[in-house]
Amino acid sequence: MGAERVRIFDTTLRDGEQSPGCSMNLDEKVRLACQLETLGVDIIEAGFPIASDGDFAAVKAVAAECRDVTVAALCRTSEQDVRRAAEALRGAARPRIHTFVATSDIHLEFKLKKTRDEVIDMTRKAIRLAREFVDEIEFSAEDATRSDPNYLCEVFTAAVHEGATILNVPDTVGYTLPNEFSDLIRTVRERVVGDRTDITISVHCHNDLGLAVANSLAAVAAGARQIECTINGIGERAGNASLEEVIMAMNVRADRLPFTTGIDTREIYATSQLLSCTIGFGVQPNKAIVGRNAFAHEAGIHQHGVISNPLCYEIMTPESVGVPTNALVLGKHSGRHALALRYAELGYTLNHDELERAYRRFTELADRKKRIYDQDLLSLISITSAPATMLNDSEEWARAAVA
Ligand code: KIV
Ligand code: ZN
């Protein structure tokens, strides 16, 4: 029997975008969505249409543009929320309505001011209404990991009864631990899903204790088959599970995590760079997989080992995640060929005029700046309509870019 497929649900444009400093305009969202499609995610959550006209327009535009992935729209359980999500998704090739309500007692008492029965009723009505518009419905039990497991299973059972086929178990506040989370996933599997093969358990983990990736992987080992995550791990507070870390953990440790996904790992770095450049900040240098130092070896003993055999200290190659390993350093003496090559490594093939324009701007920048980073190059070809943004070595870049 082959390895089982895990679906990758990307919520960079929704959970990621709603975190401070990560907002994107419409063009930026569509551009990132196209890159996510190239990366190979299965589902793009493009926004929360009732939240703003901008989110509504983003879901609509992404649904119009991205025809090879499922596009999801988030909504609470109220009638107007569901209708707004359905309207935004009209015309999508593969629409999914993602409705959610909290199930923990603390949320019921202090936020929703509803009883447990009322929440079940809200769940039922929302899914029944959503079914009038789309075939695929995901239901999330917000704060699932702090909910009474018996009640959680009751709500999920009601959701399945009404036609939801994806049951999402969010660790909304990043509270759970890997072994505890796998127990919960097993409970949901045994008590709600049973032998139904048309129901998928999904997980959505936040990183408040730095455990989002570990919890997501523990959940998959326990039977979850959809992981919700974001590029660079952006998202509410400490962020969501980072897509690149989840994917590379499954890839490098396929011996223990024998699952497949549709992700083309060589597109990871370009996607991470595109997001960083769009929102105006990069990841920390030591960030796993996509940080500037992720493949750098400084200590002499490590350098010696890597030169003798990269496997001494490298568990994956930079090429496998699309990190350019080109030894060419781009600076004021570099020519068009080197520039075109680096753009190609970043996923952009420039035509003659685009390359000329980029080269002119590149030489101007190189006159003022010692090192040109990939983020600088992406800004030079105006992948965002926003003004040039500040990234890793921000002050130098800002001075040069606005000049
Ligand atoms: O963290 C969370 O609970 C969410 C849900 C809306 C899925 O983002
Ligand atoms: Zn979330």
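A compact table of results
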read-out: Residue match in the range 222-241 (condition: away from ligand 1 (no atom under 16 Å from the Cβ), modelled with pLDDT of 95 or more and over 19 Å from Ile44 (Cβ atoms)); value: yes
read-out: Subset tally (residues that are without any contact (Cβ under 8 Å) to a residue 40 or more places away in the chain and in a helix (DSSP H, G or I)) for the range 185-219; value: 12
read-out: Unique match (being in contact with a helix residue (DSSP H, G or I) (Cβ under 9 Å, 6 or more places away or on another chain) and away from ligand 1 (no atom under 16 Å from the Cβ)) among Arg76, Arg124; value: Arg124
read-out: Which numbered condition Asp68 misses (of (1) surrounded by fewer than 18 Cβ atoms within 10 Å (Cβ to Cβ); (2) over 23 Å from Ile247 (Cα atoms); (3) modelled with pLDDT of 95 or more); value: (2)
read-out: Single unsatisfied condition, Ile199 versus (1) within 16 Å of Asp148 (Cβ to Cβ); (2) more than 13 Å from ligand 2 (Cβ to nearest atom); value: (1)
read-out: Verdict on Phe156 being touching a strand residue (DSSP E or B) at 6+ places or on another chain (Cβ under 6 Å) and either touching a residue at least 40 places away in the same chain (Cβ under 8 Å) or assigned to a helix (DSSP H, G or I) (or both); value: yes
read-out: The range 202-213, residues that are within 20 Å of Asn286 (Cβ to Cβ) and either away from ligand 2 (no atom under 12 Å from the Cβ) or buried (at least 19 other Cβ atoms within 10 Å of the Cβ) (or both); value: Asn207, Leu209, Gly210, Leu211, Ala212, Val213
read-out: Failed criterion for Ile227 (all others in (1) aliphatic (A, V, I, L, M); (2) more than 30 Å from Thr349 (Cβ to Cβ); (3) within 15 Å of the chain's Cα centre (by Cα); (4) away from ligand 2 (no atom under 16 Å from the Cβ) hold); value: (4)
read-out: Boolean, Val169 is of a type outside the set (Asp, Glu), within 16 Å of ligand 2 (Cβ to nearest atom) and modelled with pLDDT of 95 or more; value: yes
read-out: Qualifying strands (runs of 3 or more DSSP E) (wholly inside the range 1-116; at least 3 residues being without any contact (Cβ under 8 Å) to a residue 60 or more places away in the chain); value: 43-47, 70-75, 95-102
read-out: Test: residue in the range 256-276 that is in the same structural domain as Gln35 (by TED's automatic domain parsing), in contact (Cβ under 8 Å) with a residue 12 or more places away in the chain, of a type in the set (D, E, K, R) and within 16 Å of ligand 1 (Cβ to nearest atom); value: no
read-out: Residue among Ser182, Ser216, Ser147 that is within 20 Å of the chain's Cα centre (by Cα), crowded, with 19+ Cβ neighbours inside 10 Å and of a type in the set (Ser, Thr, Tyr); value: Ser216
read-out: Hits in the range 336-386 (condition: in a helix (DSSP H, G or I), closer than 26 Å to Gly291 by Cβ and charged (D, E, K, R)); value: Arg342, Glu345, Arg368, Asp374, Asp376
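Every residue, every condition in (1) at pLDDT 95 or above; (2) surrounded by 22 or more Cβ atoms within 10 Å (Cβ to Cβ); (3) away from ligand 2 (no atom under 15 Å from the Cβ); (4) not charged (D, E, K, R), yes or no:
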{"residue": "Met1", "(1), (2), (3), (4)": "no, no, yes, yes"}
{"residue": "Glu4", "(1), (2), (3), (4)": "yes, no, yes, no"}
{"residue": "Phe9", "(1), (2), (3), (4)": "yes, yes, no, yes"}
{"residue": "Asp27", "(1), (2), (3), (4)": "yes, no, yes, no"}
{"residue": "Ala33", "(1), (2), (3), (4)": "yes, yes, yes, yes"}
{"residue": "Leu36", "(1), (2), (3), (4)": "yes, yes, yes, yes"}
{"residue": "Ala51", "(1), (2), (3), (4)": "yes, no, no, yes"}
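The values are calculated or read from the model by the stated rules, or taken from the named source; none is laboratory data. All values derive from a computational prediction rather than experimental measurement. A quick note on method: Cβ atoms are made from the backbone with ideal geometry, for glycine too, and the neighbour counts reach across all protein chains shown.
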